[in-house]
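Everything on this sheet refers to the single structure shown next.
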Amino acid sequence: MKILPIEQNKQTSIFISSVEKKERVFLSSPHMTGNEMKYIHEAFETNWIAPIGPNVDKFEEELAAYVGTTGGAALSSGTAAIHLALRLLEIGSGDRVFCSSLTFVASANPILYTGAEPVFIDSEEETWNMSPIALRKAFAAADKEGHLPKAVIVVNLYGQSAKMDELMAICNEYNVPVIEDAAESLGSLYKGRKSGTIGEFGIYSFNGNKIITASSGGMLVANDLNALEKARFLGSQAKDPAPYYKHHEVGYNYRMSNVLAGIGRAQLEAIDDRVKARRKVYERYAEGFKDIPAIRFQPELEETYSNRWLSVFTLDPELTSLTPEIIKSALEAESIESRNVWNPLHQQELFKGTQFFAHGDGEAVSDNIFRHGLCLPSGSNMTVYQQMRVIEVVKGLFLQH
Ligand SMILES: *Cc1c(COP(=O)(O)O)cnc(C)c1O
């Protein structure tokens, strides 16, 4: 055993075993509450080992109550939730859907599932999310062509809410519904409202790396209960009510398992603690790097509250010769996982030939954030010591450069 002082301002110290010293630090690992097994046992004892059951119903109710929507539909993934939202808006071949460019590919893949054409919108600097200026340009161009989008998918990146008022005002002007991809922003707020509840539909993800997890899974939320009922119908093979097998439209096998919904329920009990813990992780990084002006963390817009799902910064190339790649390699050498920022979708081979609307002239804001950005380990179960290791490696690089 070796003693390492931490948080000197608190004059505390902790014992670090040599085992912990070598432990791998993950970007965002599952953080169990201990109550998960209780709900899983209930599912087993009642033999509800099925894609429906009491845990699914309760999880839908509890999540909707938490975010403040009328209801929710528990699904097999966040991607499935986006796909069903597009189906509910009757989007298909020949239609157009606007989507944030700086995001995970799962935000836009469902557009391709429907046969519609994605159009990508750049970010702005204050939230890193969809730029109202770029969105306005895209609408003006689409209007001129007489081909408006049938939906706009707005992503709330790394927990930070987009400028929803501005974006909603533009979409309302054109009477186009918004799907809020809040896969990364469960527990975040926009002007007092929960992220994911401002558009017509919101989606959450419970994948293993998200702020809470059901190992996998997703939720579609809305205030329109008929739409949610339709989502459950489409998500369970679109079986028409009939005494025999009858179908009139395409369905999917998208419902959440009752066992996994049990994990989700226990996780949801801890959401506010998880948000606080992730924000604390961010605060320690911000404190640790406060003397390095080249490091700029993702801003938190006024009147918003980010869950800080990941602590992400960009490097100012005018102030340092360090790059995200150099820092990522140095961290990896210490068995610390870090990741690049999402590679904008307008740059992907998959979406070659699609339209893109930039925020300003010159390099797109999303391209710039990608080129200079790095995501640090941010799990709510990270120890202070693990975080110290990260900070020391990064600080050490700045001393050498
Ligand atoms: C994780 C994620 C998704 C997809 O969620 P899954 O549950 O993994 O399908 C969609 N959008 C964003 C922005 C995500 O981070």
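The values are calculated or read from the model by the stated rules, or taken from the named source; none is laboratory data. None of the values given here were measured: they were computed from a predicted structure. All Cβ positions, glycine included, derive from the backbone under ideal geometry; neighbour counts span all protein chains shown. Areas reflect the complete protein model, heavy atoms only, side chains present, ligands, DNA and RNA absent. Shrake-Rupley method; radii C 1.70, N 1.55, O 1.52, S 1.80 Å.
With only the Cα atoms considered, the chain has a convex hull volume of 152 Å³ per residue.
A 1.4 Å probe run over the protein chains yields, for the chain, 44 Å² of accessible area per residue, whole-number rounding. Placing unit charges on each Cβ (+1 for Lys and Arg, -1 for Asp and Glu) gives the range 36-268 a dipole about its Cα centre, and among Val56, Tyr244, Asn109 the Cα reaching farthest toward its positive end belongs to Tyr244. For the chain, the Cβ-based charge dipole about the Cα centre amounts to some 900 debye (Lys, Arg positive; Asp, Glu negative; other atoms uncharged). The orientation-averaged shadow of the Cα convex hull for the range 145-254, equal to a quarter of the hull surface, comes to 9.2 nm². List the residues, sorted by chain then number, that are 5 or more residues from Arg255 or on another chain and whose placed amide H is less than 5 Å from its amide H. Those qualifying (amide H under 5 Å, at least 5 residues apart or on another chain) are Ser76. The 3J(HN,Hα) values that the Karplus relation (6.51, -1.76, 1.60; θ = phi - 60°) gives for the range 225-242 are, in residue order, 5, 5, 5, 5, 5, 5, 5, 5, 5, 5, x, 10, 6, 6, 7, 5, x, 7 Hz. Gly and Pro appear as x.
Of all GluC sites (Glu not before Pro) in the range 225-295, which ones are in loop regions per DSSP and have a Cβ with at most 11 other Cβ atoms within 10 Å? Here the GluC sites (Glu not before Pro) that fit, given the DSSP loop and packing criteria, are Glu249. Among Gly196, Gly53, Gly353, the residue with the largest mean-square fluctuation in a Gaussian network model of the chain, with springs joining Cα atoms closer than 10 Å, is Gly353.
Suppose a student asked you for the relative contact order of the chain, using Cα pairs under 8 Å spaced at least 6 residues apart; what percent would you report?
23 percent
Is the range 36-268 rounded, prolate or oblate when judged by the Cα gyration tensor, a ≥ b ≥ c being the square roots of its eigenvalues, rounded requiring a/c under 1.5 and prolate requiring a/b larger than b/c? Since a/c reaches 1.5 but b/c is at least a/b, the shape of the range 36-268 is classed as oblate.
Converting phi to 3J(HN,Hα) with the Karplus coefficients 6.51, -1.76 and 1.60 and the offset θ = phi - 60°, the range 189-206 yields 10, 10, 6, x, 9, 5, 4, x, 10, 9, x, 4, 10, x, 10, 10, 10, 10 Hz in sequence order, with x at every glycine or proline. Overall, the accessible surface of the chain at a probe of 1.4 angstrom is composed of carbon and sulfur to the extent of 52 percent.
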